[in-house]
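The values are calculated or read from the model by the stated rules, or taken from the named source; none is laboratory data. Please read all numbers here as calculations on a predicted model, not as lab measurements. We place every Cβ from the backbone using ideal geometry, glycine too, and count neighbours over all the protein chains shown.
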Amino acid sequence: MKKMFGLMFGMALVVVGCNETPKQEAVVEQKAPVTVAAVAPATPAPAAEAAPAAEAPKATSPEATITNVDWDKALEMSKAGAMLIDVRTPSEVAEGMAPGAVNIPLQEIQQRLAEFPKDKDLLIYCRSGKRSMAASNFLIENGYEKVFNVVGGFLAFPKQ
């Protein structure tokens, strides 16, 4: 079941990918809410209103959210000890990456989950922001609470 979920998750992320041009965002640190499973009511709901068990999200910490940050904030946090994680493919990384970043391609996150420390801020980026948001959601669903999505991805990285 886990392999099937992982395969479906990976395929969905590949389809979504980071192939869209980045959008300019005025908000720098906006918290994106993460869906939390609701507590079941004391009386059972009618069958027509009950959601299938397969669609119920995993329960996460109520305070676990993904915070969007720009590159200035991400680089500042990285200098202070946050872990910068590039979820692009090795061929994309060959074109350049942020200093000090670790490459863990999105397709490998499930197998390499142990490489993500739970006690550090995790700064996730990809090419334009879609894969990093998917990776951030996956980390939140797996109990990580200090997850930051770098808005605009590597396309928005400040050129020196």
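Here is a yes/no grid of residues against (1) modelled with pLDDT of 95 or more; (2) outside any helix (DSSP H, G or I):
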| position | (1), (2) |
| --- | --- |
| Asp72 | yes, no |
| Leu75 | yes, no |
| Ser78 | yes, no |
| Ser91 | yes, no |
| Pro117 | yes, yes |
| Arg127 | yes, yes |
| Arg131 | yes, no |
| Ala134 | yes, no |
| Pro158 | no, yes |
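Is there any pair with a first residue in region 131-159 that is over 10 Å from Asn68 (Cβ atoms) and a second that is in a helix (DSSP H, G or I) and aromatic (Phe, Trp, Tyr) whose Cβ atoms are under 8 Å apart and which are 6 or more apart or on different chains, and what are they?
If the second residue must be in a helix (DSSP H, G or I) and aromatic (Phe, Trp, Tyr), the pairs left are Phe138/Phe9; Ala156/Trp71; Phe157/Trp71; Pro158/Trp71.
Just give me the residues in region 110-130 being buried (at least 16 other Cβ atoms within 10 Å of the Cβ), in contact with a strand residue (DSSP E or B) (Cβ under 9 Å, 6 or more places away or on another chain) and not hydroxyl-bearing (Ser, Thr, Tyr), in sequence order. Can you show your working first?
Of all residues in region 110-130, those buried (at least 16 other Cβ atoms within 10 Å of the Cβ) come to 110, 116, 121-130.
With in contact with a strand residue (DSSP E or B) (Cβ under 9 Å, 6 or more places away or on another chain) added as a condition, the list becomes 116, 121-126, 129.
Phe116, Asp121, Leu122, Leu123, Ile124, Cys126, Gly129, listed by residue number.
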